[in-house]
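For reference, the structure discussed in these notes is given below.
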Amino acid sequence: MTKRPGLFLILVLSLSLTLGCGVCGLIGGEEEAVLPAETPSGGEEAPAPTEAPAGGGTEAEGEEESEAEELSLSSVTSGLQNLDSYRSHLEMAFEGTTGGEAAQWSVEMDTEYVREPFAQRLVVKGSVAEEGFESVQIGDRQYVVFGEGQCISSSADAGDAIDTEFFSTEDIIGGLDNAHRVQPDERVNGILCRHYTFDETSVAWAALARAEGEVWVAVDGDYVVKYVMQADGKNPATEDEGRIEWVYEVRGVNEPITIEPPPGCEAEESEFPIMPDATNVNRMGGIVMYESSSSFDEVLAFYQEQMLAEGWEDMGDAFISSGTAMLSYTKDGGTVAITLTEQEGTVSVMIMGE
């Protein structure tokens, strides 16, 4: 059972609505807008944009065009799962109007990935996530941090991981059709790449008024190393009109990367005693929730013994009945309430400390 706090739902709704309106505001455009000639490069090694051939070309261009290739991408992250490790960075911004009112938003998303032993870190920040968001998964543990210090820890191997797929880079960027090859191959972020350019006709997920972009794909591994785009458009259905820009890059390929729990999250691991067979463990601040396959009497006896052994004093107001118990303890001016509930052979435990 996944347990999602209200703040998490608010962040999800806020980001999904903001990104949705911004991106969708560029879809289905009927009016053309003029783009500047320069496409954002977003990196030091990438050369200035090269315009894709429009069609037949001149005689001098004939030989190069005969060697041209086309690129279609169903996913911008395809092939990354085969790497030992990598870091990726996505910057995305929208500026324009919504219903005639000025609108502007931005988002940055950083990902770190290690294949073995598995670990992954995702950090989202920007005007659409003012308090910030961080998700770290290390093996079978997941940590999610909102703002400053509000940490949720959960099991990630029992169907209880907090869903962060709405932040997927491939869902944000979408696919690409028939981008044009540019010769010769180039090195970007230290990786030998095939270089492609594209316009609005290649952007598979939208009908943009105008778009201009470049993609660099690793010769060895066929994964996207860099993807940049500028686009302008208008969507009469949502009254959004303006410009979207993004830069996506992959760096640190197969380099040593260390991913650790966010600061403050590990401290919660030993705050209260937990049954050895605990599953679906979730922690948020002073709250711990989990399930145990032990009998109700075994779990009850565990807390009655362990709390006293760790220096907690029984407050004398316990309520115990068949399959339900509410215990309370105090120590050093603090209090903790423990609730046990048995249902279909499983005991649910909730610990709330103050």
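Just so it is clear, none of the values below were taken in a lab; they were calculated from the coordinates. Since the model is a prediction, treat every value here as computed from it, not as a measurement. Neighbour counts are summed over all protein chains in view; Cβ atoms, including those assigned to glycine, are modelled from backbone coordinates with ideal geometry.
In this simple spin-label approximation, Asn254 and Ser78 carry label points 7 Å from Cα along the Cα→Cβ vector, and these lie 2.1 nm apart. Extension gain, Glu344 to Glu298, is 15.0 nm, computed as 0.36 nm per intervening residue step minus the present C-alpha separation. Think of region 271-353 as having a plus end and a minus end, set by charges on the Cβ of Lys, Arg, Asp and Glu; of Met315, Leu327, Met289, Met289 sits farthest toward the positive end of this dipole.
What FRET efficiency comes out for Ala102 versus Leu192 if R0 is 35 angstrom and r is the Cβ-Cβ distance? Round to the nearest 0.05.
On the way: r = 43 Å, r/R0 = 1.23.
So, using R0 = 35 Å, E works out to roughly 0.20.
In this simple spin-label approximation, Asp220 and Leu308 carry label points 7 Å from Cα along the Cα→Cβ vector, and these lie 6.6 nm apart. With a Förster radius of 30 Å applied to the C-beta separation of Lys125 and Asp277, the computed FRET efficiency comes to 0.20.
Its Cα centre serving as origin, region 275-319 has a Cβ charge dipole (Lys and Arg +1, Asp and Glu -1) of approximately 260 debye.
With r as the distance between the Cβ atoms of Gln150 and Glu116 and R0 = 30 Å, compute the FRET efficiency 1/(1 + (r/R0)^6) and round to 0.05. Kindly include the intermediate steps, with their values, before the conclusion.
Working: r = 31 Å, r/R0 = 1.02.
According to the calculation, E is roughly 0.45.
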